[in-house]
Each structure stands twice: as C-alpha cells, then as structure tokens.
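The values are calculated or read from the model by the stated rules, or taken from the named source; none is laboratory data. Keep in mind that this is a model prediction, so the values were computed, not measured. For neighbour counting, all protein chains shown are included, and Cβ atoms are generated from backbone atoms with ideal geometry for every residue, glycine included.
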Ligand code: KIV
Ligand code: ZN
C-alpha cells in the first residue's frame, strides 16, 4: 500500500459485520452485486465474510474473490488454524487477498470470554498472525474490544503482532463504549509508544452503541489511523457500525483535516438504496447524508433561507451524494416563499395571483394534512386556473 499519511483507506464491512444484523442475510449473488457497487464507489478493502462460519459465507468469499478486481478482498477469522485454513482456501482466487485475524484484548474478554491470561492471549494472537502469514502476505490483526482494553497491554499486543508480520492493526471499539477524546487518545498512545508502528497501518473500527461511531472514527483518523472500517448506512449488529458515507463526507467537508479518500461520493444515494432494499432494512429518514430528509427543508425560515442561497442551510451539495436537488416540503410551517416556489414550478404566474390570499387558504388545508403535495396545490388553485 502507498504511504501517504493523508490518504485514508476505506475498509467496507457491509458484507461481514453489516450482514450480521438479524434478518438481513444476503444471497451470494446479492453480495456480488453490492461488492461491484462498492468497487465502483472506490472502497479500498471489501470484507467479504467469515468463511468458517457457514458454507454459504465461504462461497460468498470465493465468488467475491472472482468478481472483484481492484479492492483488496478480506476474510475474517478467529485466532486459530482451522479458521485461517478456511479463509486461505476461500481467498484463493482473490487478486489482492487479506486475512483479518484476531482475538480479544480487554481484560473483560480475556477473563470472561476466553477464561485465559494476557500472556496466553497475546501468544495466540502472535501465532495466528505468523500462521496466516505463511499463506497470505497482507494480514490484518484485530484486537477485539480494544475500546475497553488496558492501554499498556494493547500497545504490547500491537507491537507483538506487527513484529509477527501484521500489515494492518485494527483497534475496534467493539461495544461502542469510548468517547471521541478517549478513542483518539488511545490511537495517539499507540502511534507514540509502539516502536514498530511505522511498519503497519492502524485501522479504526467503531460501533454505534452510544451514537458515537462516526465521531470516534474521525477522532482516530485525527490521531494517526489511516484505515477506517465502515458499512453502508451504518448497518451492523445492535446499533450498527460506523457509516461509510458519514466518514467520507466529514473528510470531504472538512478540508482543514487534510485527509482524503478514494471514494466517489456521487454513488452514495444509489448504493444506500440498494443495500437497504436487499437487506430489507429501511434507512431512517433523518439519517445523515442518505436519509430521505437529509436535504429536505420544511420550516418557513429554513425554506426562505435555502431559496435565497442554498448554502444558508446546506453544508453539502446534494448532487455530491447522488441526490438531484434538495426538497422544499410544503407543510403548515412553510412560508410564502416556499409556496411561491412550488406555484412557479407548476407554471403559475405569480404576478397574476393574490399570493396572500392563496397563502391563507393554503394554511387552512395544510393544518389538516402532514404534507401538501402537487395535487393539493392544483385543487387549491382550481379557482384561479386562468393564471396558469
Ligand atoms: O467489532 C469488532 O471487534 C469486530 C472484529 C471482529 C473486527 O467486528
Ligand atoms: Zn465490529
């Protein structure tokens, strides 16, 4: 991989961590369709699945390995030889294969998940990296639950797995526990204290249990992480993973961060809809970037402002994320400016209309409806038809 410190690699895990959402399982052909869109979107790595988990997941990794040309294809394993063997086998057609292996790093996981000790866990992590490295050059190690891990032990683990051959080290906030400054400080500590840190890329992988996944990911990037792990629409177990479109648009909008990705954001709306449909998981209307209301204005003050100059109330150009234009929604909170805008769009000549009078009648109708559509406006204007 290139080593431009400002280039942020986007690792998409929609098809692995994202697909762990109950009821959202995809067929292999659906996964291939999404992977090809992810390739067009410009992601650097596609996590294709967890091959040992089921024959279907194994097949999906094989199919994606054959279908995708540019991005790295990654397969997840636990830190054991059986998982790694399955991953190696599933990746045999990949042009750029990566194995993503790892183990718990917090005392909570070490004690209550593995009933083990720090020393044993560290050794198992190192052994897994060394074993995987016999078959595949590009090895990513995940220190599961790093968000709650002791920082000195985490640093020791990161140093050991890099020495064992890890090319990327993932620092997951598996339970979405950290505050942005805590997570950022964790990444900074590793950047400052792990002796061989320049031999690997640090990756951030955040969960959204407290609604902080995007903020934590950005904090990690600001402190030296160069890979961000995300999903389309932020889908994932429980409250989900970091949303890919949010991270990419934060970096694009805040040029002062001086970080860039290879993402072509104009594909966002389309791929968001595709993932939502295939997974039968609706996107919440107020979801940043791709929600139905992300560029919809309904209050009079905002509508007036946005009609005077779009940037009064929009920090992103909707075309940049694949939406034709923002929407001015007519409701009982709308003002005359928005009503005039829609009447003109419907070809009414405003000079020939008593706008104040129409607005009074509009408010009466709007108070009894959630939203005024074109049909309602046409009915409202029927007595004034000659003006069209
Ligand atoms: O959240 C997590 O810790 C993970 C790892 C398996 C990478 O998804
Ligand atoms: Zn995860």
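Results, tabulated for the structure shown:
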item	result
Any hit, region 191-214, residues being in a helix (DSSP H, G or I), within 12 Å of ligand 1 (Cβ to nearest atom) and either in contact (Cβ under 8 Å) with a residue 40 or more places away in the chain or more than 25 Å from residue 3 (Cα to Cα) (or both)	yes
Which numbered condition residue 292 fails, given (1) touching a residue at least 60 places away in the same chain (Cβ under 8 Å); (2) away from ligand 1 (no atom under 16 Å from the Cβ); (3) not in a helix (DSSP H, G or I)	(1)
Pick from region 1-27, criterion surrounded by 18 or more Cβ atoms within 10 Å (Cβ to Cβ) and more than 16 Å from ligand 2 (Cβ to nearest atom), ranking: nearest to residue 251 (Cα to Cα)	8
Residues (away from ligand 2 (no atom under 16 Å from the Cβ) and buried (at least 22 other Cβ atoms within 10 Å of the Cβ)) located in region 139-151	139
Residue, nearest to residue 79 (Cα to Cα), within region 42-51, restricted to residues that are away from ligand 1 (no atom under 13 Å from the Cβ) and surrounded by 24 or more Cβ atoms within 10 Å (Cβ to Cβ)	51
Number of positions in region 364-376 that are surrounded by 15 or more Cβ atoms within 10 Å (Cβ to Cβ) and part of a helix (DSSP H, G or I)	3
Breaking point among (1) free of Cβ contacts under 8 Å to residues at least 60 places away in the same chain; (2) crowded, with 18+ Cβ neighbours inside 10 Å; (3) more than 16 Å from ligand 2 (Cβ to nearest atom), for residue 38	(1)
Criterion violated by residue 215 - all others in (1) within 25 Å of residue 256 (Cα to Cα); (2) touching a helix residue (DSSP H, G or I) at 6+ places or on another chain (Cβ under 8 Å); (3) surrounded by 22 or more Cβ atoms within 10 Å (Cβ to Cβ) satisfied	(3)
Verdict on residue 97 being away from ligand 2 (no atom under 16 Å from the Cβ) and either more than 25 Å from residue 158 (Cβ to Cβ) or at pLDDT below 95 (or both)	no
So residue 57, is it in contact with a helix residue (DSSP H, G or I) (Cβ under 7 Å, 6 or more places away or on another chain), closer than 24 Å to residue 128 by Cβ and away from ligand 1 (no atom under 13 Å from the Cβ)	yes
Some residue of region 252-264 being at pLDDT below 95, under 19 Å from residue 46 (Cα atoms) and outside any helix (DSSP H, G or I)	no
Matching residues in region 232-245 - criterion: being within 16 Å of ligand 2 (Cβ to nearest atom) and not in a loop (DSSP other than H, G, I, E, B)	232, 233, 234, 241, 243, 244
Region 190-212, subset under 18 Å from the mean Cα position of the chain (by Cα) and under 17 Å from residue 142 (Cα atoms), residue farthest from ligand 2 (Cβ to nearest atom)	202
Selected residue (criterion: surrounded by the most Cβ atoms within 10 Å (Cβ to Cβ)) from residues of region 152-182 that are more than 13 Å from ligand 1 (Cβ to nearest atom) and under 19 Å from the mean Cα position of the chain (by Cα)	180
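So that you can scan it fast, the table gives a plain yes or no per residue for (1) in contact with a strand residue (DSSP E or B) (Cβ under 7 Å, 6 or more places away or on another chain); (2) away from ligand 1 (no atom under 14 Å from the Cβ):
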residue: 91; (1), (2): yes, yes
residue: 108; (1), (2): no, no
residue: 111; (1), (2): no, yes
residue: 116; (1), (2): no, yes
residue: 122; (1), (2): no, yes
residue: 127; (1), (2): no, yes
residue: 132; (1), (2): yes, yes
residue: 138; (1), (2): yes, yes
